[in-house]
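Each remark here refers to the structure printed beneath this line.
The values are calculated or read from the model by the stated rules, or taken from the named source; none is laboratory data. Being a predicted model, the structure only gives us computed values, none of them experimental. For neighbour counting, all protein chains shown are included, and Cβ atoms are generated from backbone atoms with ideal geometry for every residue, glycine included. Note: accessible area is taken over every heavy atom of the protein model, side chains too, but ligands, DNA and RNA are not part of it. Shrake-Rupley method; radii C 1.70, N 1.55, O 1.52, S 1.80 Å.
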Amino acid sequence: MLNAALFIKELMENRIKFWIALAILSALAIVIPLLYDLTGEILRGMDLAPYVNPAELAFIYASYDNYAWSQWTAKNLTQLASLTAIVLGMGTLAGEASYGTAPFLLSKPLSRRQIYATKAAAGLFLLALAMGISTLLLLFVSALKGYTLQTGAFVVSVFLVFAGVAVVYLGTALFSVLIPDPVKAGVAAAVFWGLASLPGFSRGLAQYSLFYQMKGVRYWLHGAFPWPALLLILVAGYLFFAVGVYYWCKKDF
Amino acid sequence: MNNWAVQTKALRKHYGEKRAVDGLDLEVPAGSVFALLGLNGAGKSTVLKMLVGLVHPSGGEGYCLGMEIRSRGAEIRRKVGYMGDEPRIYGYMSVRQVVRFCGGLYRNWDDGLVEAYMEKFQIPGESKVHQLSQGQKNQLALILALAPRPELLLLDEPTTGFDPLKRRLFFQAVLQEMVAAGKTVLLASHNLEEMERVADRVGLMHKGRLVHTCSLDELREREKEIRVVFQKEPPADLFCHPGIVQVKQEGRAFRLSVSTGLEEIWQACASVPHFVLEIISPELEDIFLRYTGEGR
């Protein structure tokens, strides 16, 4: 189904975006453990109400586990990896159309489905790589600083973020098929995902937000693995993929 | 297996109201060099794009090497080389990287051929594709189309922007790799003079339709012109012969385009006092314009 030569070409084409994303994620992954003691001391000594919920602050600094999860998995990784997914996804197919290389690629002995699947796989691989390397870096720096972390649960929560980010990527790839200009496709996707994130800002509606579910809040707080949410995330990802393939296969170049 | 490398039956492509290709019945014999001629917008490029799967037909049937174009696209592309009009290749890649990428897509990639033609065309392997001239990009695209040793080569306006030397080298490569091996070449072009030198069969396209197809020799043999300069005004019924398809007049000088009955028309003209009476072979361009009605 996937084609190795095209996969490598996609990695090469997206290398600059990947390195930038990795650099930013890695910098944050290093900074988060380094700032644990310092921010803890400063914030605990300040009266931040009503801007910061004291209970929330107490939860974050109750353990290094909570701090690392809240600052990495539930915040920086979710936000930056989603942004990276949009940046990577917007050029997936619109790039071929806008730079005029689509006829060259499509005249090669690959089916359109194979092209779409390989491009999507390459994008998801780069996302997983950036998220994986930066998370490993965070675990490494945490260990160097002598902080203990529930590594298993932490990695599972990072996996949940990846599942959500994959949906963001596949949704953006669909925009990249529909709008043959990477920048316009990226803007449209950003607006779409921005609107999709709105329920997450309401306590009552938060559970209906992809971005809330991908943080694995219930899993981290109560240890219950969110199977239904993961299933829905996977179905959403597949639907975006299937609709994207459908329109890609119908296009003329 | 039939003898057609390409066969279409009532093939159509409509973009809304616009009929880019309108019921095309085309047969390209295996082993031929077939030139699809037409003005810009005649539908030639769309035909090639439908054959290789870039454009979806609106109706009709199409076969490449005996395979149906809608259902067996990837299989067709394995055996068919395609070079589009002013091909765009990944500019950020070096020439070698493009070659490696394309080589990874085919089972029967010929590295020897690539090396030989890169040297012949003087294409530097380490250069980025965006640094090449348009002519070099076209040459690279030809090498990439020839390297998998295709059974059929589709070329769309292949020598746009070429100088005469590059054009010559380009067609030498096509002739050596395809024609000498008995393979088929289908070219789309509006450059009649160029096609006259390389093609053995022509198809004249106009407004999405194939208006005429035959071998180039047949066309030249059948399509003749009589040039005659009369000493006085000729009789009015002289040009009523059904074999005369077009009459051009300048004073008492006439050019008669003749499709049938050449001998008879010649005799009729000879019976009128004249200064000059001769048979000439028209340029392919004139024949084309006559068939498409653009010359009137």
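Considering the stretch B:57-96, and only residues there that are aliphatic (A, V, I, L, M) and more than 10 Å from chain A (Cβ to nearest Cβ), the residue that is surrounded by the fewest Cβ atoms within 10 Å (Cβ to Cβ) turns out to be B:M67. Listed conditions (1) at pLDDT 90 or above; (2) among the aromatic types (F, W, Y); (3) open to solvent by 20 Å² or more (accessible area, probe 1.4 Å) are all met by B:Y291, apart from (1).
Residues of the stretch A:76-101 that are polar (S, T, N, Q) and either more than 14 Å from every other protein chain (Cβ to nearest Cβ) or not in a loop (DSSP other than H, G, I, E, B) (or both): A:N76, A:T78, A:Q79, A:S82, A:T84, A:T92, A:S98.
Of all residues in the stretch B:202-257, those satisfying the criterion of being among the basic types (K, R), open to solvent by 60 Å² or more (accessible area, probe 1.4 Å) and within 30 Å of B:D22 (Cα to Cα) are B:K207, B:R209, B:R220, B:R222. If you check A:A97, A:A122, A:A130, A:A117 for being under 25 Å from A:V165 (Cβ atoms) and touching a Pro at 6+ places or on another chain (Cβ under 8 Å), only one passes: A:A97. When the stretch B:97-120 is examined, which residues are found to be basic (K, R) and either more than 11 Å from chain A (Cβ to nearest Cβ) or under 28 Å from the mean Cα position of the chain (by Cα) (or both)? Listed by number, the list holds a single entry, B:K120. Selection within the stretch B:17-35: residues that are open to solvent by 70 Å² or more (accessible area, probe 1.4 Å) and over 18 Å from the mean Cα position of the chain (by Cα). The member of this set that is farthest from B:T213 (Cα to Cα) is B:E17. In the stretch A:112-119 there is no residue that is within 16 Å of A:K251 (Cα to Cα) and in a loop (DSSP other than H, G, I, E, B).
Would the stretch A:137-148 turn up any residue that is within 25 Å of the chain's Cα centre (by Cα), closer than 20 Å to A:V167 by Cα and either among the acidic types (D, E) or not in a loop (DSSP other than H, G, I, E, B) (or both)? No. Of the numbered conditions (1) touching a residue at least 60 places away in the same chain (Cβ under 8 Å); (2) within 12 Å of another protein chain (Cβ to nearest Cβ); (3) farther than 15 Å from A:V177 by Cα, A:F104 fails exactly one; give the number of that condition. In the conditions (1) touching a residue at least 60 places away in the same chain (Cβ under 8 Å); (2) within 12 Å of another protein chain (Cβ to nearest Cβ); (3) farther than 15 Å from A:V177 by Cα, A:F104 misses (1) alone. Taking the criterion of being at pLDDT 95 or above and within 20 Å of the chain's Cα centre (by Cα), the residues of the stretch B:80-91 that qualify are B:V80, B:G81, B:Y82, B:M83. Do we have A:A130 as among the small types (G, A, S), in a helix (DSSP H, G or I) and surrounded by 15 or more Cβ atoms within 10 Å (Cβ to Cβ) here? Yes; evaluated as a whole, the condition is true for this residue.
Where residues in the stretch A:133-156 are under 19 Å from A:N76 (Cα atoms) and hydroxyl-bearing (S, T, Y), which of them is surrounded by the most Cβ atoms within 10 Å (Cβ to Cβ)? Filtering first and then ranking leaves A:S134. Selection of the stretch A:37-93 for residues being charged (D, E, K, R) and open to solvent by 50 Å² or more (accessible area, probe 1.4 Å) yields A:D37, A:E41, A:R44, A:D47, A:E56, A:K75. Per the conditions (1) surrounded by 13 or more Cβ atoms within 10 Å (Cβ to Cβ); (2) modelled with pLDDT of 95 or more; (3) over 24 Å from A:L83 (Cβ atoms); (4) of a type outside the set (D, E, K, R), the sole criterion not satisfied by A:A4 is (1).
In the stretch A:145-171, the qualifying residues are those that are of a type outside the set (S, T, N, Q) and without any contact (Cβ under 8 Å) to a residue 60 or more places away in the chain, and the one that is farthest from A:G223 (Cα to Cα) is A:G146. Quick one: in the stretch B:182-224, which of the residues that are hydrophobic (A, V, I, L, M, F, W, C) and either in a helix (DSSP H, G or I) or not assigned by TED's automatic domain parsing to the domain that holds B:V33 (or both) is nearest to B:E278 (Cα to Cα)? Here the residue is B:L219.
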